[in-house]
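Below: the structure, in structure tokens.
Please treat every number below as a calculation from the coordinates, not as lab data. These numbers come from a predicted model, not from an experiment. Virtual Cβ from ideal backbone geometry, glycine too; neighbours counted across all protein chains shown.
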Amino acid sequence: MKAGARPIIGKLGGGFSRIRTVLLLSYFVIILLSIVMVGSVSFYLSSSAIKGRVESANLQLVRQIGTHLNNDFRSKRNLLLAPYYETEYIDGINAYPEMDARNQYLFRQKLENLYLKSFNATPISGFIRFQIYYRTGELLAASGDYKPWTPVQVRNADWFLRTVAEDGGVYFHGPSQGDGTTDTEATAYASSILIRDFSSPERFIVVRVEYGDELFQTMGRSDDLSAASRTLVLDTSDRLVYDSQSGQGLAVEDALLGRVRSGEGKFWMKGDGDEQFVSYRVSEATGWKVVLLTPRSEILGPISQIKTAVVVTALVAFAMTFVISVLFGRRITQPILTLFKSVNRIKRGDFSERVEIRRSDEIGMIAANFNAMQDELQHLIENTYVNQIKLREVELAMLYSQINPHFLYNTLDIIRAMADYHRASEIGEIAQALADMFRYNTRNRDEVVTLQEELDQIEAYMKIQRIRFDDKIGYEAEVDEALYSYPVLKMTLQPIVENAVFHGLERKRGKGTIRIAARREGDRFVLSIIDDGVGISERHLGELQAKLRRSLHSDASPDESGRGIGVRNVYARYAIRYGEALDFEIESRKGVGTCVTLSLPFEAEATLGQNLQHSESES
């Protein structure tokens, strides 16, 4: 992962960890899921209801169109049966081949007048013309002058052959074309019937009537049909008779024709563009098919409005959710933020902070408990922590009172003893050294000095001890020059050195040496006081180390010998300041010597250094 992406991920993670953000996202997710579920269910139910209603309506409309078409065809069929109502026409058909030219003419006139009267008495919608042919294809009569066909073309025409095959039934078909016969441009469909005497099946006439598309146009103007719906009328040969959108150059797909079968039905079909719903009905009387195609977009148009309404509702709901969640979330998180600020003030040491309680719910109970905890904490601080501070101050004062008189008494004993032997010069040196030590102790009241000052103090102290023990005790100092200015606590070295003199070197036969070493090891300052005296037994060393590990506030008192008082005092002072950061070790072997090591974190120089500068400024 790139380094630049980590802060961004961290910020996002921090933002998602906040209660207000979690509440806001929770509200959004709940509202989103609710709206999606409600919208999906509503959309599904609405679309199913609308689709079902439109499908039923379209199928019902197709039925109405098919019924209307059957009724119209039935009435037109009745008009074609007019010759059967008078026997002279049937007799004339049987005798027509034997008639002379005059009688044939008169018979043709009678047939023409019969059908003219039938079609003119009652106006027939879409009527164009009728034609009457004898079995040989000869044109016997016609209502117009359009006579393009020869007898051979008529006899070989598909409509003629199918009409003969019907044997008295009416044959409805689309425009004639491609078989040698061609109807007028206005012809949409035609009906034809074979009329004969059932006793003379070889002698018959065929009456053919042509109609325009007015009937279909009337059916296509239904108020229940949308503008994009398409109405098709197909004859028994699946030839297109009528197309409500014929001007748009749309073709009838073979897939559609293959699925339109007998009876009625409905199905969805993929078109060139939008998916279409197809409902159809096949006429039992004529075999013609009425097909209604409605694009999916027209059926589901209202559903798009529902979808838009759902989206708008979702946006409004999101906006309202944002406002409500911000207000509601603030009501929840604001008291928590107040508690958080109060905790921060306590962290900075302000224990007087209290949370104002305005609520009686769980957050109010938390605030009340928090205030109670504040009161208890402040009480503990005032009655325990402050007392502990005072106790430590008293302990420090007691440590100083233990250190200074202890040494003073020993020094005075030396001066008294030497005075008995009248050694005046050495008494002067001792007095001078003692004066330097008292001057060092009383120069300032702050307990932080430099390592150089502590070493000067030890130099004066060791001068007294060399005179006392007649140069039996030697002194060495190994200190890095950079560490002379290192700040330490006053009276750090003397108690340990004094302990080494009286418990280590004084009891040793022969000469001994005290060596002080100061060095830096990594990030720590290490100060060692080493003597080659008699050392400490393992039992006494264990007791001394156990005393150092005891609590600083232990009531236990040192043993009567006073062994380790100075070491414990030094350890106690540094332990009070540094706690666990202090590393204080005592190593000793009987007959070899003792090493006391004091190790501090080197950055402690900054803290002690500030106290040292403050002390120098006061002096």
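Given a cut-off of 31 Å, name the pairs among Lys472/Lys590; Lys341/Lys490; Lys270/Lys307; Lys51/Lys289; Lys110/Lys289 whose C-alpha atoms lie farther apart than that in the structure shown.
Values: Lys472/Lys590 20 Å; Lys341/Lys490 42 Å; Lys270/Lys307 23 Å; Lys51/Lys289 23 Å; Lys110/Lys289 36 Å.
Cα-Cα > 31 Å for Lys341/Lys490; Lys110/Lys289; rest within.
How large is the charge dipole for the stretch 113-177, taken about the Cα centre, if only the Cβ atoms of Lys, Arg (+1) and Asp, Glu (-1) carry charge, to the nearest 20 debye? Don't jump to the answer; show the numbers that get you there.
Values: 6 positive and 5 negative charges, 24 e Å.
Result for the stretch 113-177 is approximately 120 debye, rounded to the nearest 20.
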(Q) Just to check I understand the Karplus step: with θ = phi - 60° and J = 6.51 cos²θ - 1.76 cosθ + 1.60, what whole-Hz values come out for the stretch 480-490, glycine and proline as x? (A) 5, 4, 5, 9, 4, 8, 5, x, 9, 6, 4
Q: Tell me the label-point distance for the pair Glu138, Ser537, using the 7 Å Cα-to-Cβ offset, in nm and rounded to one decimal.
A: 16.5 nm
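So how much slack lies between Val29 and Tyr84, counting 0.36 nm per residue of separation and subtracting their Cα-Cα distance, in nm? Don't jump to the answer; show the numbers that get you there.
Details: separation 55, 0.36 × 55 = 19.80 nm, distance 8.14 nm.
So the chain would gain 11.7 nm between Val29 and Tyr84.
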Q | Whole-angstrom gap from the stretch 492-528 to the stretch 120-137, using each part's C-alpha centre | A | 144 Å
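So if we plug the beta-carbon distance of Asn156 and Ser199 into 1/(1 + (r/R0)^6) with R0 = 25 Å, what FRET efficiency do we get, rounded to 0.05? Can you show the working numbers first?
Values: r = 27 Å, r/R0 = 1.10.
The formula returns an efficiency of 0.35 here.
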Q) How many nm separate the modelled label positions at His68 and Ala546, each set 7 Å beyond the Cα in the direction of the Cβ? A) 11.9 nm
Q: Could you calculate the contour length gain from Asn113 to Tyr578, that is, 0.36 nm times the residue separation minus the distance between their Cα atoms, to one decimal place in nm?
A: 153.8 nm
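Between Gln452 and Glu506, what FRET efficiency comes out of the Förster formula 1/(1 + (r/R0)^6) with R0 = 25 Å and r the beta carbon distance, rounded to 0.05? Each step should come with its number before you reach the end.
Numbers: r = 28 Å, r/R0 = 1.10.
For Glu506 and Gln452, the calculated efficiency is 0.35.
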**Q.** Residue-by-residue Karplus 3J(HN,Hα) for the stretch 65-74, coefficients 6.51, -1.76, 1.60, Hz, glycine and proline x
**A.** 5, x, 5, 4, 5, 5, 4, 5, 5, 5
**Q.** Charge dipole (debye, nearest 20) of the stretch 491-538; +1 at Cβ of Lys and Arg, -1 at Cβ of Asp and Glu
**A.** 200 debye
Q.
Can you give the FRET efficiency to the nearest 0.05 for Glu98 and Leu257, using r as the Cβ-Cβ distance and R₀ = 45 Å?
A. 0.40
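Could you calculate the contour length gain from Trp268 to Tyr484, that is, 0.36 nm times the residue separation minus the distance between their Cα atoms, to one decimal place in nm?
On the way: separation 216, 0.36 × 216 = 77.76 nm, distance 10.03 nm.
Result: 67.7 nm gained on full extension.
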**Q.** Amide proton proximity set for Asp583, modelled H, under 5 Å, gap of 5+
**A.** Ser599
